[in-house]
Amino acid sequence: MHSDPDCIFCKIVSGQIPADKIHEDDELIAFRDIRPAAPVHLLIIPKTHIAGLADTEASHEALLGRMMTLAPRLAREQGALDGFRVVVNTGRDGGQEVYHLHLHVMGGPRPWKHG
């Protein structure tokens with residue numbers, strides 16, 4: 001599994017940095033965002049380091065599909081019962097702050113703080 005020793009999300013995957021995890025399997029980890037923009041705000045990340053969506057390849061299709069199908073289940077389990085939003089920020093101009101692919105899952109009663 002590829003990792004970047006300077007990446008905060010790789011450090012979460014390795015257990016060096018704690019996170020409020022709500023899901024973990026062989027390929028993915030999901031945890032609560034430390035700066036939530038909505039009542040439910042989760043991040044789903046692959047355990048392998050992929051810098052961003054623009055860095056994915058055909059070999060990542062199954063992984064991306066797993067991330068997208070995990071999102072609705074976790075959103076509902078965490079209380080987003082009347083809908084949710086999925087966002088992938090990509091690159092500097094796309095608002096990406098951590099260069100490890102991650103899916104934001106946001107939901108819950110509106111209004112949200114931002115997002």
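In the chain, how does Rg compare with the Kirkwood Rh, expressed as the Rg/Rh ratio over alpha carbon atoms?
Radius of gyration over Kirkwood radius for the chain works out to 0.94.
Compute the relative contact order of region 35-115 as a whole-number percentage, counting only Cα pairs closer than 8 Å that sit 6 or more residues apart in sequence.
It comes to 52 percent, rounded to a whole number.
Using the alpha-carbon atoms, what tilt in degrees (0 to 90, nearest 10) does helix 61-77 show relative to the longest principal axis of the chain?
Computed tilt is about 30 degrees.
Accessible area per residue, 1.4 Å probe, Å², for the chain: what's the number?
58 Å²
Please list LYS21, LYS113 from largest to smallest accessible area, probe radius 1.4 Å, with all protein chains kept in place.
Listed by decreasing accessible area, they come as LYS113, LYS21.
When the chain is treated as a GNM, springs tying every alpha-carbon pair under 10 Å, which of HIS41, HIS49, HIS60 comes out with the largest mean-square fluctuation?
HIS60
Among the aspartates and glutamates, select those whose C-alpha is under 20 Å from the C-alpha of LYS47, and discard any that sit fewer than 8 residues away in the same chain.
ASP4, ASP6, ASP20, GLU24, ASP25, ASP26, GLU27, ASP33, ASP55, GLU57, GLU61, GLU97
With every protein chain present, what accessible area does THR69 have (1.4 Å probe, heavy atoms only), rounded to the nearest 10 Å²?
100 Å²
With labels modelled as points extended 7 Å from the Cα through the Cβ direction, what inter-label distance (nm, one decimal) is found for ALA51 paired with ALA37?
About 2.2 nm separates the two model spin labels.
Name the residues whose placed amide hydrogens come within less than 5 Å of the amide hydrogen of ILE22, ignoring near sequence neighbours (fewer than 5 apart) on the same chain.
Result for ILE22 returns ALA30, PHE31, ARG32.
Among the aspartates and glutamates, which have Cα under 13 Å from the Cα of LYS113 when same-chain residues fewer than 8 positions away are ignored?
none
Can you pull the one-decimal nm distance between simple spin-label points at LEU64 and ARG110, each 7 Å off the Cα toward Cβ?
My value for the distance between the label points is 2.8 nm.
The values are calculated or read from the model by the stated rules, or taken from the named source; none is laboratory data. Since the model is a prediction, treat every value here as computed from it, not as a measurement. When we count neighbours, we look across all protein chains shown, and the Cβ atoms used for this are built from the backbone with ideal geometry, even at glycine. What goes into the accessible areas is simple: the full protein's heavy atoms, side chains included, and nothing from ligands, DNA or RNA. Shrake-Rupley method; radii C 1.70, N 1.55, O 1.52, S 1.80 Å.
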